[in-house]
Amino acid sequence: MVWKVKNIWEADYGCEERLPGEPLKCLVELENEAGDMKQLTVEDDWLTEQGIEEGSSWPERWFIW
């Protein structure tokens with residue numbers, strides 16, 4: 001099944017800010033061709049290293065559950 005990145009948002013840390021040295025995380029919204037949606041929280045640096053942006057494909061092997 002093919003998943004596509006619909007949206008990427010900076011994760012909301014609420015009232016508490018990130019701890020010093022804690023990596024920036026993003027909320028990634030995915031959608032497959034059947035219209036199923038998933039949301040994942042991943043490190044921003046990892047997304048950049050993988051070249052992932054809105055509209056990119058998200059391989060099944062990256063799902064951990």
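Some notes on this structure:
- Within the stretch 30-56, the set of residues being farther than 13 Å from Ile8 by Cα and in contact with a strand residue (DSSP E or B) (Cβ under 8 Å, 6 or more places away or on another chain) comprises Asn32, Met37.
- Yes/no for Thr48 being open to solvent by 50 Å² or more (accessible area, probe 1.4 Å) and in contact with a Lys or Arg (Cβ under 7 Å, 6 or more places away or on another chain): no
- Total residues in the stretch 4-15, condition in a strand (DSSP E or B) and either loosely packed, with under 10 Cβ neighbours inside 10 Å or at pLDDT 95 or above (or both): 5
- Every residue from the stretch 16-45 that is part of a loop (DSSP other than H, G, I, E, B) and surrounded by 10 or more Cβ atoms within 10 Å (Cβ to Cβ): Arg18, Glu22, Pro23, Leu24, Asp36
The values are calculated or read from the model by the stated rules, or taken from the named source; none is laboratory data. Remember, it's a predicted structure, so these values are computed and weren't measured experimentally. Glycine also receives a Cβ, built like all others from the backbone with ideal geometry; neighbour counts cover every protein chain displayed. SASA here: full protein model, heavy atoms, side chains in, ligands and nucleic acids out. Shrake-Rupley method; radii C 1.70, N 1.55, O 1.52, S 1.80 Å.
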